[in-house]
Every structure is written in C-alpha cells, then in structure tokens.
Amino acid sequence: MSLTPMKQILDEARKKGYGVGAYNVNNMEQIQAIMAAAKATQSPVIIQASRGALKYSNFTYLKHLMLAAVEENPEIPVAMHLDHGNSLDSVKQAIDLGFSSVMIDGSLMEDGKTPSDYDYNVKVTRSVVEYSHKFGVTVEGEIGRLGGIEDGVGSGSIHLTDPEQAGQFVKDTGLDALAIAIGTSHGAYKFKGASNLAFDVLKKVRELIDIPLVLHGASSVPKELIDRVNKYGGKMPGATGVPMADLQKSITMGVSKINVDTDGRLAVTAAIREVFATKPEKFDPRDYLGPARDSLTQIIIGKMKDFGTAGHAGDYKSMSLEDMKKYYK
Ligand SMILES: [Zn+2]
C-alpha cells in the first residue's frame, strides 16, 4: 500500500480523456471527505497541500493523515502533491514527508508574490526535476501567471501563457505536468463579468507540448453554495468561478489536472454556518464538523462525475515510486 505517482494518474487520464481533480486539504475532515467521495465514485484522486497547509497542520500530522487515507482505501490510486512549492528546499521537505508529487512554481520568485523571468523559472524548475526524479516523484511546473491571491501565493496580475515559450519550457526542464494561465484566478472572485477563458491559448499549447496540462484556480464557485453561505450570515457578494461547462471543454482540449480549493472551502463554510444559525444550542465540534465533512464529500462526488474521473479507479495497477525511479533513469 503506497501513494501513486501523480504522473501515472495523469497519463492514464490523458489516455482516456478524463480530468482528475486535485483537492486541497488542511485537516482530517477534508481528507476523509475527499476519500469518501473517491470511494463512492471509484475515482483516482490527487490530494494536495499548500505550504500554508503543511505549516497549519504541523507537517507530521498531515503526513500521517495521508498515510491513513491510503491504508483505508487500498483500491483507490492516491497521489499526494505539494501545491505551489516555492524553492528546492520546500520540495525537499515534501519529499521527506513522503509526497509522491510536487509543484515548483517558478513563475513567481521565492516570496510567492514577485513575478520571475523565464531564466529563473527554468533554473529552479530544472533543479527540482533533477532532485525529485531521483525519488520517482512527479514534478509540476507553471508558466504564465494566474490571477488572484490565495494562501499568500500570487502576484495579483494575470499574464496568459505564451504557447511557444511553454513548448521551450518543457524541453528546457524535463518536467512531467505543466500549469498554464488561460485566464483563471485563485480565490472566490474570478471574473468581473462572465467567465472568459483563452481557449485559443490552450489549443496552441496542446499542439506544441505533449505532457499533461494543469488548470489552477478552477473552482466553479457554485451559486447554491454562495447563497447558502450568505443566507446564514456570510458576506460574499459577487463571488464567481469557472463554469463546469468551461472546465469540461478544457478537459476535451487536453487539460488533465484541475485544481479545486475554493469550492471545498465554501462547502465546509456553508455547512458550518447553517448549523450555527439553525442550531445555536449545539457546541460539540462533531455537530458542525460532521456536516461540513458531508457537504464537502457531496461537492467532490459531483466534481468526480463531471470531470469524468468516476469509475476509473480500477483501470490500472498503481506504480510505486521505485518503478518511477527506474523509468526516469
Ligand atoms: Zn494554484
């Protein structure tokens, strides 16, 4: 029983033309909700933790929660992925904890805010690829800049990916998966008007490179969740996300990994607000964390069906990191 390399999960998804959600976690209930959804729909799954999440959970707690997820669900391929690593040191830390995949975001400097240049991005990404592949660990990089700021990550400005540069970046770094910027943003306020993704950029990138593509900032911010949050005392006017139809279109055009954090946060918050507002006498954390977990499970079940991940857990036998070490050699 061990974690599955993310490269295998994404390569299998590409072969069959479905997308795999990468869901962010900070605590036990979130991991349990994701695994319950994966089990209910028989989906392979990517669980990801940001640097902020690792710090929040004191590193070791998250490591053992993720091992518990694998132990409890041996039939589900699970990759554990570092979201927005900012340096080789942050990647080393995740690999020491046993992660099977890492992201190095060299589109920003180590502060996670200042836009970098191409040469910096290649240098830091290549150093992470060289280090991680020795352990059989998958590497995701990023080229172009997303909008929005989340967990302290982001420059606040959008810069769409240049397809030619993306092609060169893959050659220069040897990475396994590439996050591109086609107009999505981190957070719950993605668009001023209607969603407006640059599908022409995605099409050109897909023509020029042959590795799995990743969309960050791809939560849909469903209206029913926002309404529920606001109904029970929340204050999130004008929150917007990427419509599921746009995500499904991007999957048909070659996106394999879809990052979802905001929608999970909303599902948890809506459920907790509802309990607090409707049952003010409750004070046992299980009375609100339990419904929060159920609410998150339902949202993720929906995504696994909509992305086409459902039913694919048993398609293949998970490779080990040892297998991947040999492959990279
Ligand atoms: Zn991101």
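Below are the figures for this structure:
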{"quantity": "Considering only the chain, percent of DSSP beta bridges that pair antiparallel, nearest 5", "calculated": "10 percent"}
{"quantity": "Contour minus Cα-Cα distance for L160 and E322 (0.36 nm per residue)", "calculated": "54.7 nm"}
{"quantity": "Note, ³J(HN,Hα) from phi for segment 265-281, Karplus 6.51, -1.76, 1.60, rounded to Hz, x at Gly and Pro", "calculated": "4, 5, 4, 5, 5, 4, 5, 5, 4, 5, 4, 4, 6, 9, 10, x, 7"}
{"quantity": "Given charges at beta-carbon only (K, R positive; D, E negative), |dipole| of the chain in Debye", "calculated": "400 debye"}
{"quantity": "Candidate lysines for bridging to K325, where Cα separation is under 18 Å - those fewer than 8 sequence places away on the same chain excluded", "calculated": "K7, K92, K134, K317"}
{"quantity": "Positive-end extreme of charge dipole, the chain - chosen from I226, G144, I47 (charges on Cβ)", "calculated": "I226"}
{"quantity": "Net charge of neighbours whose Cβ lies under 11 Å from the Cβ of R228, counting Lys and Arg as +1 and Asp and Glu as -1", "calculated": "0"}
{"quantity": "Fraction in percent of alpha-carbon pairs per bin - 10 Å, the chain", "calculated": "6, 28, 37, 23, 5, 1, 0"}
{"quantity": "Whole-Å distance, taken between Cα centres, linking segment 255-329 and segment 59-123", "calculated": "18 Å"}
{"quantity": "GNM flexibility winner over the chain from F169, F199, F99 (Cα, springs under 10 Å)", "calculated": "F199"}
{"quantity": "Within the chain, helix-based [θ] at 222 nm, where runs of 4 or more DSSP H residues each add -39,500 (n - 2.57), nearest 500", "calculated": "-14500 deg cm²/dmol"}
{"quantity": "Whole-number percent relative contact order across the chain, with pairs defined as alpha carbons under 8 Å at least 6 apart", "calculated": "23 percent"}
{"quantity": "Rounded to 10°, Cα long-axis angle of helix 28-41 versus longest principal axis of the chain", "calculated": "80 degrees"}
{"quantity": "Cα centre as origin, Lys/Arg/Asp/Glu Cβ charges: segment 131-257 dipole, Debye", "calculated": "460 debye"}
{"quantity": "Tilt relative to the chain, helix 199-208 - C-alpha long axis, 0 to 90 degrees, to 10", "calculated": "40 degrees"}
{"quantity": "Exposure proxy ranking, count of Cβ atoms within 10 Å, fewest first, for M304, M103, M236", "calculated": "M236, M304, M103"}
{"quantity": "Rounded to the nearest 20 debye, dipole of segment 26-152 from Cβ charges on Lys, Arg, Asp, Glu", "calculated": "120 debye"}
{"quantity": "Calculated FRET value between T60 and D227, using beta carbons and R₀ = 35 Å, to 0.05", "calculated": "0.35"}
{"quantity": "Segment 159-292 - convex hull of alpha carbons, volume per residue in Å³", "calculated": "118 Å³"}
{"quantity": "Segment K305-K282, extension gain: residue separation times 0.36 nm, minus the distance between their alpha carbons", "calculated": "4.9 nm"}
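Laboratory data are not the source of any read-out in this text; all were calculated from the coordinates shown. In this text the structure is predicted, and so the values were computed from the model without any measurement. Cβ coordinates were reconstructed from backbone atoms using ideal geometry, including for glycine residues, and neighbour counts include every protein chain displayed.
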